[in-house]
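What follows is calculated from the coordinates using simple rules that are stated; it is not laboratory data. Small disclaimer: the values here were computed from a predicted structure and weren't measured. Cβ atoms come from the backbone with ideal geometry, glycine included; neighbour counts cover every protein chain shown.
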Amino acid sequence: MIQVNNQQFEALINEAMEELPKAYVERLDNVAITYEDEPNAEQRKRLKLRCYQSLYGLYEGVPRTERGAGYNLVLPDKITLFKLPIEHSAHSMAELKEQVKNTLWHEIAHHYGLGHARIHELERKMHKIKHNKPPENTKN
């Protein structure tokens, strides 16, 4: 486990935002990005998380694919990264930085309307590319 103070964690989030593809970051619409130590009781209940389950991040809002003509005058969507579970998963500063970036990307993907199956498929492809393996051919 690696621990950082709140300012350092916020800096990691900002670094991750800078490293993510600009096309996706610049097109975020009505989204607040924040962090908390852990999910609150209401979030845990809504997600049906058990006491032994942790959560790295959460997207709360209306995905872009579900916004219609009546989407206006609404509070911002919210992406929350959960500091303590992310810290517990990392054994080095490099792992912590990578987990923050991956979690942020995952939650931004939800903002664009991607479900978990598609997100995990894309994550597998990115992992293979990162490790110099060609991605598998997939049918869409």
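Once backbone amide H atoms are built at 1.01 Å from N, residue 35 has 81 as its partners under 5 Å, excluding neighbours fewer than 5 places away on the same chain.
The slack in the chain from residue 60 to residue 27, taken as 0.36 nm per residue of separation less the alpha-carbon distance, amounts to 10.2 nm. Exposed loop sites, defined as GluC sites (Glu not before Pro) outside DSSP H, G, I, E and B with at most 13 other Cβ atoms within 10 Å, are absent from the longest region of the chain, namely 27-135. Converting phi to 3J(HN,Hα) with the Karplus coefficients 6.51, -1.76 and 1.60 and the offset θ = phi - 60°, the stretch 12-27 yields 5, 5, 5, 4, 4, 4, 5, 8, 6, x, 4, 4, 7, 5, 5, 9 Hz in sequence order, with x at every glycine or proline. Shown in residue order for the stretch 101-117 are the 3J(HN,Hα) couplings computed by the Karplus curve 6.51 cos²θ - 1.76 cosθ + 1.60 at θ = phi - 60°: 4, 5, 5, 4, 4, 4, 6, 5, 4, 4, 4, 7, x, 7, x, 4, 4 Hz (x for Gly and Pro). Springs between Cα atoms under 10 Å define the GNM used for the chain, and in it the highest mean-square fluctuation of 46, 64, 124 occurs at 46. In terms of its alpha-carbon gyration tensor, the stretch 6-114 comes out oblate; a/c meets the 1.5 threshold, while b/c is at least as large as a/b. Evaluating 6.51 cos²θ - 1.76 cosθ + 1.60 at θ = phi - 60° for every residue in the stretch 81-87, the Karplus couplings come out as 9, 9, 4, 5, x, 5, 4 Hz, glycine and proline recorded as x.
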